[in-house]
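Working notes, beginning with the structure itself.
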Amino acid sequence: MWQRRKKNKSMDNEQWIMNNGNKLLSIVKYQFSILILILLFSCNSPYIPKPTGYFKINFPEKKYQQFNQQNYPYTFEYPVYAKVVKDSTFFGDSTENPWWINVEFPQFSARIYLSYKVIGEKYKLEKLLNDAFDLTNKHTVKASYIDDSLMNVSPNVHGMYFKVEGNVATANQFFLTDSTKNFLRGALYFYATPNEDSLRPVNQFLVEDMKHLISTFRWK
């Protein structure tokens, strides 16, 4: 009894396959074609890379203090989270006067260089102006754009601000002068491989501090 039922079931299966074989083959071919189309579409679709992510930076509260050291020919305000350090060397050589300083931002691996020169027989104003423009134009190779803006901070403090776009080490520079005796040049510098995108948040934060320094700058 059991063997007979098994035989009949086998015969039923064979009959079903004969009747539906073509339909199954068509379904398999259709599914295979869909798979091929999906693979071709995936290969030919353009690759869109994910944007590079950067660590979130917690910035300190903006608060300033006065730099007004004795015997210095200038004064200004700088952030409480920065420190002023006397610059004793310039590319390995001693500075020509004791009034060169750096405003250091250790937590951001950055500093604002401030170099001071006396206008006179050794340094004519025209030469100092030309040197300031030449130093900025050295970035032309890597810069995508250089913008300069005139500044009138006070009746005897005026100068120019340079904004350099691109992957450059010093994207923000300036000079201030009274046109008769004093000339000061400044530049924001990062101790890191120049990358405009990754440095942008910190750069924007410190540029605000540098512009505050400029707006509060006075000759003594």
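FYI, it's all coordinate maths here, none of it is from the lab. These numbers come from a predicted model, not from an experiment. Positions of Cβ are backbone-derived with ideal geometry, glycine not excepted, and every protein chain shown enters the neighbour counts.
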Full-stretch length increase - Gln66, Ser88 - with 0.36 nm per residue and alpha-carbon distance subtracted
5.8 nm
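Which whole-number percent is the relative contact order of the range 64-219 (Cα, under 8 Å, 6+ apart)? Before the final figure, lay out each step's value.
Details: 275 pairs, mean separation 36.9, N = 156.
Computed value for the range 64-219: 24 percent relative contact order.
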Would you mind getting me the FRET efficiency between Thr95 and Trp219? Use the beta-carbon distance for r and R0 = 25 Å, nearest 0.05.
0.85
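Which net charge results for the neighbourhood of Met160, defined as the other residues with beta-carbon distances under 15 angstrom from its beta-carbon, given Lys and Arg at +1 and Asp and Glu at -1?
Working: positive: Lys163, Arg185, Lys211; negative: Glu126, Asp131, Asp134, Asp147, Asp148, Asp178.
Local charge sum for Met160: -3.
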